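Worksheet: one structure, shown below.
The values are calculated or read from the model by the stated rules, or taken from the named source; none is laboratory data. The shown structure was predicted, so the numbers you read here are calculated from the model rather than taken from an experiment. For neighbour counting, all protein chains shown are included, and Cβ atoms are generated from backbone atoms with ideal geometry for every residue, glycine included. Calculation scope for accessible area: heavy atoms of the full protein, side chains included, ligands and nucleic acids excluded. Shrake-Rupley method; radii C 1.70, N 1.55, O 1.52, S 1.80 Å.
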Amino acid sequence: MPALIDLIRAGRRVERHNPWPRVSVDSGTWRSAAGALADGGLSLLGLWGEPARVHMALLDNSTSNIGVISLDCPDRRYPSVAARHRPALRLERTIHDLFGLVAIETPDSRPWLDHGRWQMHAPLGERLDAAPDAAPYPFLPAEGDSLHQIPVGPVHAGIIEPGHFRFTASGETVVRLEQRLGYTHKGIEGLMAGSTVEQAARLAGRVSGDSTVAYGLAFAQAVEAAQQIVVPPRAVLLRALMAELERLANHLGDIGAICNDASFALMHAHCGVLRERVLRAADAAFGHRLMRDIVVPGGLARDITGEGPAAIRAALEQVRRHFPSLVELYDNTASLQDRTVGTGIVTPALARQFAAGGYVGRASGRGYDARRSPGYHPYDGLRFDVPVLSDGDVNARVWIRIREVEQSLSLAGQILDALEAGPIKVPLQIAPEPCEGIALVEGFRGDILAWLRLSDGRIERCHLRDPSWFQWPLLEAAIEGNIVADFPLCNKSFNCSYSGHDL
């Protein structure tokens with residue numbers, strides 16, 4: 001089983017990131033990487049394409065080293081990674097939709113983002129009018145006694161984003177769930193191509209509206225890695241403060257929403273109040289409830305307001321004061337525990353295979369956190385724990401969020417205490433030659449990958465990978481054997497991003 005260092009040595013160095021290398025490999029080494037993924041020595045962090053090239057970001061599980069390998073595809077074909085390692089499947093299908101590159105021996109060649117409305121193999125992001133004769137999507141067939149199918153979506157009640165869920169059930173028990181997503185595809189990466197860094201940064205912050213800080217940070221760090229820019233310490237701390245406020249608000253909202261889907265509206269109401277306090281503090285401190293467009297390459301678009309630290313401290317104190325009683329209420333409500341304990345289990349083996357990040361992975365024994373490994377400033381100088389459980393059910397995913405709320409409260413306090421006066425931005429540079437950068441940032445759902453190439457100060461190519469790419473398939477596995485009525489509960493405990501996944 002080859003280690004990451006062996007794959008890097010087998011390739012031709014193309015670009016050294018900061019500090020992760022990218023090398024160009026042949027098809028044999030590409031297949032070796034797929035085999036190492038299947039054997040568990042490596043984890044897949046990302047797989048993306050260009051018109052005649054594919055790239056794969058890899059994590060060495062024994063050393064925590066990260067690297068990127070690239071394979072030229074002059075005939076627009078490449079060896080399928082999914083043939084050996086199924087977590088790559090949806091990414092390969094997306095590469096085919098966007099660039100027309102064919103994965104040889106792929107186990108599933110159905111379109112993923114393309115819903116029959118595009119010109120086949122058109123340039124990235126190009127769209128046509130709806131094709132009236134487009135064939136219906138071929139869901140997997142189901143055979144067996146007393147089986148029936150239940151189609152749900154893509155339009156849902158409330159404000160949930162569109163996605164189609166096809167249940168195969170025997171009575172009330174779910175035998176299989178198959179998802180069809182892609183309804184919120186926006187062509188973000190196509191819009192970024194040729195744009196200025198500033199324009200692309202605004203697009204990055206709109207990939208997934210509940211993770212605008214995390215995406216802005218990932219994109220900014222990738223630009224800074226490409227240009228070898230050092231961000232001022234004050235900006236680094238304020239970025240982390242915003243990231244923890246974003247994590248705090250989302251976790252509070254999720255805990256309440258999960259309980260609401262179990263018909264326990266009281267928790268939903270109280271968690272909603274605390275979430276609102278955090279969002280109002282963010283607005284008072286940074287001028288926007290979601291803190292959008294503040295993290296930019298080189299630092300920050302604007303500093304925290306004069307009353308910002310006090311507003312944030314007051315919100316943190318409110319959460320510290322009221323949240324423990326809500327945790328006790330959750331833990332001591334038997335009817336709620338009956339719904340969450342043992343429901344929607346993701347096994348540790350599946351979490352490892354899919355390199356599931358965030359609360360989905362940590363609830364199933366995978367304690368990966370990009371703030372800790374590979375790590376980035378200022379978290380290497382802050383005190384925090386990464387909570388891990390192994391039950392893998394809805395209850396475990398709630399408890400991971402609870403513990404992360406506690407950690408974010410501590411981290412936000414540490415950051416405010418460490419904040420000192422200083423500049424908040426350094427100017428960008430225009431390199432004489434094309435340059436590349438890559439970054440891995442911990443959002444509230446898990447690790448977000450950003451890779452880009454700059455040329456003449458503009459974006460030549462940018463790829464952003466949401467943690468939901470490796471979490472959505474696990475939801476299909478988690479619901480099997482549960483009753484149909486438990487799907488909303490399982491779905492909310494994952495809270496995967498439609499928009500981030502659909503690009």
Normalised contact order of the stretch 348-503, rounded percent, pairs of Cα under 8 Å and 6 or more residues apart: 22 percent
Note, ³J(HN,Hα) from phi for the stretch 479-488, Karplus 6.51, -1.76, 1.60, rounded to Hz, x at Gly and Pro: 7, 4, x, 8, 7, 4, 5, 8, 5, x
Estimated 222 nm signal from helices in the chain, with DSSP H stretches of n ≥ 4 weighted -39500 (n - 2.57), rounded to 500: -12500 deg cm²/dmol
Accessible surface of the chain, 1.4 Å probe, proportion on carbon and sulfur as whole %: 51 percent
Cα radius of gyration and Dmax for the stretch 23-92 (Å): 11.2, 35
Relative contact order for the stretch 360-414, counting Cα pairs under 8 Å that sit 6 or more residues apart, in percent: 41 percent
All-pairs Cα distance distribution in the stretch 221-348, expressed in whole percent, bin size 10 Å: 12, 34, 25, 19, 9, 0
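What is the percent of Cα-Cα separations in the stretch 244-310 that go past 15 Å? Display every interim value, and only then the final one.
Details: 1246 of 2211 pairs.
Of all Cα-Cα distances in the stretch 244-310, 56 percent exceed 15 Å.
Direction-averaged shadow area of the convex hull around the Cα atoms of the stretch 363-435, nm²? List each step's numbers first, then the result.
Numbers: hull surface 30.4 nm².
For the stretch 363-435, averaging the hull's shadow over all directions gives 7.6 nm².
With only alpha-carbon atoms in the gyration tensor, what are the semi-axes of the equivalent ellipsoid for the stretch 327-458, in Å, largest first? Each step should come with its number before you reach the end.
Working: eigenvalues 259, 88, 23 Å².
Its equivalent ellipsoid spans semi-axes of 36, 21, 11 Å.
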Asp75-Ala265 FRET efficiency (beta carbon distance; Förster radius 45 Å; 0.05 resolution): 0.20
The chain - percent relative contact order, Cα under 8 Å, separation 6 or more: 17 percent
Hull volume in cubic angstrom per residue (convex hull over the Cα atoms of the stretch 410-503): 143 Å³
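What ratio of Cα Rg to 2.2 N^0.38 Å holds for the stretch 162-306?
On the way: Rg = 19.0 Å, N = 145, 2.2 N^0.38 = 14.6 Å.
Taking the Cα Rg and dividing by 2.2 N^0.38 Å, one obtains 1.31.
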3J(HN,Hα) from dihedral phi, the stretch 457-469, Karplus parametrisation 6.51/-1.76/1.60, rounded to Hz, x for glycine, proline: x, 10, 7, 7, 7, 9, 10, 10, 10, 7, x, 5, 4
Per residue, in Å², the accessible surface of the chain once ligands and nucleic acids are set aside, probe 1.4 Å: 39 Å²
Spherically averaged projected area in nm², based on the convex hull that wraps the Cα atoms of the stretch 321-365: 3.9 nm²
Spread of Cα-to-Cα distances over 10 Å intervals beginning at zero, given as percent, for the stretch 133-186: 21, 46, 27, 6, 0
Å³ per residue enclosed by the Cα convex hull of the stretch 201-255: 68 Å³
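Kirkwood-based Rg over Rh for the stretch 281-380 (C-alpha set), two decimals? It would help to have the intermediate numbers written out before the result.
Numbers: Rg = 18.9 Å, Rh = 17.4 Å.
In the stretch 281-380, Rg relative to Rh is 1.09.
Using the Kirkwood formula on the Cα atoms of the chain, what hydrodynamic radius do you get, in angstrom to one decimal?
Working: mean 1/r = 0.0428 Å⁻¹.
Taking the inverse mean of 1/r over all distinct Cα pairs, the chain comes out at 23.3 Å.
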